[in-house]
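Rule-based calculations on the coordinates, nothing more; no lab input. Please read these numbers as outputs of a predicted model, since none were measured by experiment. Don't worry about glycine lacking a Cβ; one is built from the backbone with ideal geometry, like all the others, and counts go over all protein chains shown.
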């Protein structure tokens, strides 16, 4: 029995077992789920620590449909993180689901199946096996959302998520089939031996694969379902697990696998990926500024974070790729932690509206502490892990020679910090509200995973020696990427000063905003105008820093409007337009089927004549 | 005729006759019908899936694998319909007639698939048509009569063309026997006269299969027929009389040669048009059965498209898709019958939120719909994947993209159905619906399990079908 089969099949069978178990048992579901994900994590750890590459192969149906698994350096790193977050999510959910009305049985079923399929996806060595697992994940995304019974729109959002992901996965499927045919093999190790250059059909294939990957990491324009789910109040554990952590891991795994392991990219593609990364990063962060809902704000931050990963891999040099990879791994920790805090707050206070929350630090000190650590990490404040991932990424960008993108990343982290300062200030500090009087600290099941995540933020910070040495360096060596100097450690220099300056700018911005409006959750309102015009005039009266506001008004406001219109256009294109087109086509065909026998017979005869003419139009009848 | 499989034809026929003597005793009629079909099903399953065969990757199957899998599909659907009908049809309706017709239909279908030459095939196909005719107007109302008349007269051209083709074949090739024809086709390029005959045969069977633009009878027949009859028709009868023959023709003749005119291209084109038309027309239907009818047409288009391509892999995909469609449509039509009985209507605008009141029906339908849309790990995904791969491999990239795209549109049907009927807000008619009794649910559960298992154990299915195809094709 090969150890590689455990992370795939154990959660799968446990999930089926849980489904057969009655809803009414007290602890059986939770215990089974936690045990299964823990054992998967342990086996992932064993695989990770073993020094040789473990493989498993089962020839299946011939014709390239092989079930081959291989835990190479990249795969086992992804596996470790994927099973790790599965375990933490299962643990957290044991406490979280107690207070909810939606079905715990289905939740654990979905969680375990998602874990199983994601392990399968990162371990597969055959493109078609990997495709099977990857596509299967979309089903469980749908079932997760449909059973979550979050808000009023959970069914519609589930369908939206499914359709967006299904379309993107269709492109991914086409990309994979083209890749397999160009390379002449469906086996990834074989393709790696002779990497494909990006030209002609390979270019098209790579773009299609990229579409699939971008949708997986919730990049634009495939992100709208997640932000809607956040606003609608979807299950926080789900948000933490799937879009928050797992998708990033799977996405970066696939991105590195495809861009470096299978293909050799050229300048055009590089520019494309990097531009996309920057656009996502900035746009989403700006949208986050306007949010007044805890989870929706975090959802936009999550979208923005995927931009960094794209940017990192796009630089095509060792430092940049390490930075992008590090970003994705870190996301699995701090974004996960942030969504868990959202869940913690929500389960106590029954709301995610920032206006209704305040001063929770007194009542939920543990959650507040985790939030602070995670928020500072995600905004790249030293000495947490986020800071080092940003530094490494910045160095990579400069090495690739794109100073504009450097500035964009700085701007991105400034905006992220502003948004999180607003969030933290209004929810955890500031005055207590009625709702927050009811809150008390969450149970142990929910606190422990949050703490583990927060500790990891610290652990992987402080110079980031541990993650670099154990996670990133092996991958770089495996992919034969050379780099001159070490990438870990505090490196004094201009970069550090710029980062610190950025942090100070964010703090000033928040203080200014708070000072203007007096309410912490409105601290960014001066950046993005409220839709009501009277607010503009009211703000004009309170103007304190006149020239400052002038600058903000002229550049940020029109940009904000444009970006939000772009958001709704994407929605229109992926949703409203296709259904309109298909409806009109159907109406036309409906008119045809009137039931008239004469019409049908006429058409049959005419059809026959046309057929005969067509068939014998070639060469004629001798 | 393959004498080894003759029993599968004779036993239902004799049961049909026996049941006529059981006019007074309905319960006994139920039992005779169900038991004979179940026994046949067990027998054919054992014949195909016994461990000996599986271990050696089906290399030792003596008979034609294609016929075996068709017999399996026939007995499976017929058994499910029979079991379902024993609960569905009330005592007042001459149940014994229904069973006799059903069993005769099974005999006719088995005759079609085990015949070894075109003329025998045609005779049994006509027998099947007459039986279907009788079954469609079983309920003795206007809609049934209309559906039956349309069915008969609009497939009449089909029969005429088949007969024409067969007669031309007699003059030009001197034989109808499949093996002889295959050796004639193998020995050199086909003469034009032979190809004219093949063209006639093709168009005849296409009409019987319900390909656009000859599909109109199918819609009204499926909708107007008595509900279990729709399941029987839509599940297997149309496929046996139409799609089976097309695949057989493709396996015998080399249709992609230059002297074949443009038959294979015509097949592919018609298949593609059918896929598009069926899928789009289905979206706006208000009646559940009508939507299923259009969806059936669309899926038959896939089968014809793949057969038109003609490579072994494509034919494999077509056969597997045929089998899959039998299971999906069987499930869905039986469920529509359940819904009709329980909620009183098949108008989708009046149904809602049946998930609460009819959970088993809901979930089996969802499995069938998801499989029809081609989602892994269900069987529909594999058959669609094989068809797309075969198309891509031969360079028919446009057709490949088209099939992939319409997988999405098929999924749109699913979205509509699940939203309107199963999930969503309660409506008046949904309130009074109750779940069906256990033995009426057994058939759909059995079919759903087969859908799932065929998906999971695809490698075995693949090796079986590969054997069947390579041994019997040029």
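Side notes on the structure shown:
- Residues A:361, B:382 in ascending order of nearby Cβ atoms (within 10 Å, fewest first): A:361, B:382.
- For chain B, the relative contact order works out to 16 percent when only alpha carbon pairs closer than 8 Å and six or more residues apart are counted.
- Calculated FRET efficiency for the pair residue A:2/residue B:141, C-beta based, R₀ 56 Å, to 0.05: 0.35
- Between residue A:437 and residue A:271, full extension at 0.36 nm per residue minus the direct alpha carbon distance yields a gain of 54.6 nm.
- Modelled label positions at residue A:52 and residue A:16, each set 7 Å beyond Cα in the direction of Cβ, lie 3.2 nm from each other.
- Gyration tensor (alpha-carbon) shape descriptor, the stretch A:243-318, a/c threshold 1.5: oblate
- Among B:108-118, B:158-168, A:398-408, the peptide with the highest mean count of other Cβ atoms within 10 Å heads the list, and the full ranking is B:108-118, B:158-168, A:398-408.
- FRET efficiency estimate (nearest 0.05) - Cβ-Cβ, residue A:451 to residue B:345, R0 56 angstrom: 0.50
- DSSP beta bridges confined to chain A are antiparallel in about 80 percent of cases.
- Computed extension gain for residue B:405 through residue B:191, at 0.36 nm per residue and net of the alpha carbon distance, reaches 73.3 nm.
- Between the helical axis of A:365-378 and the longest alpha-carbon principal axis of chain A there is an angle of about 70 degrees.
- Among beta bridges that DSSP assigns inside the protein assembly as shown, antiparallel share in %, nearest 5: 85
- Rounded to the nearest 10 degrees, the angle from helix A:6-20 to the longest Cα principal axis of chain A is 90 degrees.
- Pairwise Cα separations in the stretch A:367-413 fall into 10 Å bins from 0 onward with the following percentages, short to long: 28, 46, 20, 6, 0.
- For the protein assembly as shown, alpha-carbon Rg over 2.2 N^0.38 Å: 1.01
- For the peptide B:393-404, the mean number of other protein chain Cβ atoms found within 10 angstrom of a residue's Cβ is 1.
- Computed E for residue A:598/residue B:163 - FRET, C-beta separation, R0 35 angstrom, nearest 0.05: 0.90
- Normalised by 2.2 N^0.38 Å, where N counts its residues, the alpha-carbon radius of gyration of the stretch B:4-473 equals 0.92.
- By the count of neighbouring beta-carbon atoms within 10 Å, fewest first, B:321, B:460 end up ordered B:460, B:321.
- Legend: mean number of C-beta atoms from other chains within 10 angstrom of residue C-beta atoms, peptide B:378-385, equals 2.
- The orientation-averaged shadow of the Cα convex hull for the stretch A:191-246, equal to a quarter of the hull surface, comes to 5.0 nm².
- Spacing of the modelled spin labels on residue B:153 and residue A:190, each 7 Å from Cα toward Cβ, amounts to 5.9 nm.
- In a fully extended conformation the segment linking residue A:504 and residue A:572 would gain 20.6 nm over its present Cα-Cα distance, using 0.36 nm per residue.
- The C-alpha atoms of the stretch A:32-135 occupy a region whose extents along the principal axes are 49, 31, 18 Å, arranged from largest to smallest.
- In this simple spin-label approximation, residue B:91 and residue B:183 carry label points 7 Å from Cα along the Cα→Cβ vector, and these lie 6.1 nm apart.
- Nearest 10 degrees, 0 to 90: helix A:28-49 Cα axis against chain A principal axis: 90
- Per-residue shielding of B:212-219, expressed as the average number of other chain Cβ atoms within 10 Å of the residue Cβ, stands at 5.
- Altogether, the Stokes-Einstein calculation at 37 °C and 0.692 mPa s, with the Kirkwood radius of chain A over Cα pairs as Rh, returns a diffusion coefficient of 129 µm²/s.
- In chain B, the DSSP-assigned H stretches of four residues or longer account for a calculated mean residue ellipticity at 222 nm of -25000 deg cm²/dmol, using -39500 (n - 2.57) per stretch and the full residue count as denominator.
- Viscosity 0.692 mPa s, temperature 37 °C, Stokes-Einstein D of the stretch B:97-224 from Kirkwood C-alpha radius, µm²/s: 210
- Whole-Å semi-axes of the stretch A:1-50's equivalent ellipsoid (Cα gyration tensor): 25, 11, 5
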